[in-house]
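The values are calculated or read from the model by the stated rules, or taken from the named source; none is laboratory data. For clarity, every value in this text was computed on a predicted model and none was experimentally measured. Because the Cβ atoms are built from the backbone with ideal geometry, glycine has one as well, and the counts that use them run over all protein chains shown. Calculation scope for accessible area: heavy atoms of the full protein, side chains included, ligands and nucleic acids excluded. Shrake-Rupley method; radii C 1.70, N 1.55, O 1.52, S 1.80 Å.
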Amino acid sequence: MSPHDETKSAAAVFRALADTLKPGYDVLDTMDVLVQGCTTYTSAVAAGLLLADVRGVLHVAASTSERASDVEEGQLGANDGPCLEAYRSGNTVDIPNIARVKGTWPAFADIAEERGFHAVHAVPLRFGQQSFGAMNLFSAAPGPLGDRDAALAAAMARYAAKSVEQHRKLQQNQAVHSGLQNMLDGRVLIEQAKGVLAQRHGVPMDQAFLILRAAAASAHVSLRDMATKCVTHPVSDNEQAMIS
């Protein structure tokens, strides 16, 4: 892809993120656009995103692969790691060589290397002074994320944080916790749908998620709505063809 074509394609991601500011857009789709965009237009091979609830407790909200999810869950289990540090400090955390932070974050370093990652770039999701979460960009080889890629990831994260803030404002007439819990419930539904599709098609969970995303895009519905259909409704022949 030429630099001109790459710039145009990256701009499409920003347009997609801008669309998520519209009322009624599901924040889970926002997070998916963010992690997919970052791994498509930077050198990162995988990304995972943690989002905080009203108590400041972080939860996995999006990931590009099961490997990335495993590392994010590992950070949550240990209650430490670069993504948590980025969230708590509000600053970007760049780790060019994960092997060198084993003394600081042993649990994170072990699981990251087991999953084939050797560098990580953690970007906070902030809007104003409020921190909503953070995103990890993983690399397969040691080395810092390039300046251009780091700037692009930070810009995408700012757009996504604005979308989260918009989502929370729309929840002001409801209990905020209820709105956030609704988001987390949607994440659970997506994981259940991945399991259903993986079993149905005999594919790995990563491939099942690609099937789910493609079906949602084809039907012009959110990931949550397509996941609900996969989990709770029998699949007709026409729907089976679409999901396949």
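Going by the structure shown, is ASN97 over 28 Å from ASP26 (Cα atoms) and out of contact with any strand residue (DSSP E or B) (no Cβ under 6 Å at 6 or more places or on another chain)?
For ASN97, the condition - over 28 Å from ASP26 (Cα atoms) and out of contact with any strand residue (DSSP E or B) (no Cβ under 6 Å at 6 or more places or on another chain) - is met.
Can you work out which of the residues in segment 164-177 that are of a type outside the set (A, V, I, L, M, F, W, C) and open to solvent by less than 60 Å² (accessible area, probe 1.4 Å) is modelled with the highest pLDDT?
For segment 164-177, the residue satisfying everything is GLU165.
Note down all Cβ pairs under 6 Å where the first residue falls in segment 154-171 and is farther than 18 Å from ASP32 by Cβ, the second is at pLDDT 65 or above and of a type in the set (A, V, I, L, M), and they're at least six residues apart or on different chains.
Qualifying pairs under 6 Å: ALA154/VAL123.
Considering only residues of segment 187-204 that are farther than 21 Å from HIS59 by Cα and among the hydrophobic types (A, V, I, L, M, F, W, C), which is surrounded by the most Cβ atoms within 10 Å (Cβ to Cβ)?
By that ranking, first place goes to LEU197.
Tell me, which residue of segment 51-66 that is among the β-branched types (Val, Ile, Thr) and surrounded by 15 or more Cβ atoms within 10 Å (Cβ to Cβ) is modelled with the highest pLDDT? Write out each step before concluding.
First pass over segment 51-66, keeping only residues among the β-branched types (Val, Ile, Thr): 54, 57, 60, 64.
Pick out the ones that are also surrounded by 15 or more Cβ atoms within 10 Å (Cβ to Cβ) and you get 60, 64.
Numbers: VAL60: 89, THR64: 93.
My answer is THR64.
When residues of segment 99-121 are filtered for being open to solvent by less than 10 Å² (accessible area, probe 1.4 Å) and without any contact (Cβ under 8 Å) to a residue 12 or more places away in the chain, how many remain?
Selection size over segment 99-121: 1.
Test each condition in (1) over 18 Å from VAL27 (Cα atoms); (2) modelled with pLDDT of 75 or more; (3) hydroxyl-bearing (Ser, Thr, Tyr) for SER244 and report the one that comes out false.
Status for SER244: all satisfied but (2).
Output yes when any residue across segment 27-50 is without any contact (Cβ under 8 Å) to a residue 24 or more places away in the chain and surrounded by fewer than 19 Cβ atoms within 10 Å (Cβ to Cβ), and no when none is.
Within segment 27-50, none of the residues are without any contact (Cβ under 8 Å) to a residue 24 or more places away in the chain and surrounded by fewer than 19 Cβ atoms within 10 Å (Cβ to Cβ).
What number of residues within segment 140-163 are open to solvent by 30 Å² or more (accessible area, probe 1.4 Å) and more than 16 Å from the chain's Cα centre (by Cα)?
8
Among the residues of segment 207-237, write down those that are within 17 Å of MET31 (Cβ to Cβ) and in a helix (DSSP H, G or I).
PHE209, LEU210, LEU212, ARG213, ALA216, ALA217, LEU223, ARG224, ASP225, MET226, ALA227
Suppose we filter segment 205-224 for residues that are modelled with pLDDT under 85, open to solvent by 30 Å² or more (accessible area, probe 1.4 Å) and in contact with a helix residue (DSSP H, G or I) (Cβ under 7 Å, 6 or more places away or on another chain); how many remain?
Residues flagged as modelled with pLDDT under 85, open to solvent by 30 Å² or more (accessible area, probe 1.4 Å) and in contact with a helix residue (DSSP H, G or I) (Cβ under 7 Å, 6 or more places away or on another chain) within segment 205-224 amount to 4.
Can you name every residue in segment 122-139 that is open to solvent by 10 Å² or more (accessible area, probe 1.4 Å) and within 10 Å of THR92 (Cα to Cα)?
Within segment 122-139, PRO124 is the sole residue that qualifies.
Which pairs have Cβ atoms under 6 Å, sit 6 or more apart or on different chains, and link a residue in segment 186-201 that is polar (S, T, N, Q) to one that is in a helix (DSSP H, G or I)?
Close Cβ pairs (under 6 Å, with a partner that is in a helix (DSSP H, G or I)) amount to GLN192/VAL231.
Looking at ARG115 and the list (1) in contact with a strand residue (DSSP E or B) (Cβ under 7 Å, 6 or more places away or on another chain); (2) among the basic types (Lys, Arg); (3) at pLDDT 90 or above, which single condition is not satisfied?
(1)
Answer yes if at least one residue in segment 91-98 is closer than 20 Å to GLN130 by Cβ, modelled with pLDDT of 95 or more, of a type in the set (A, V, I, L, M, F, W, C) and open to solvent by less than 30 Å² (accessible area, probe 1.4 Å), and no otherwise.
yes
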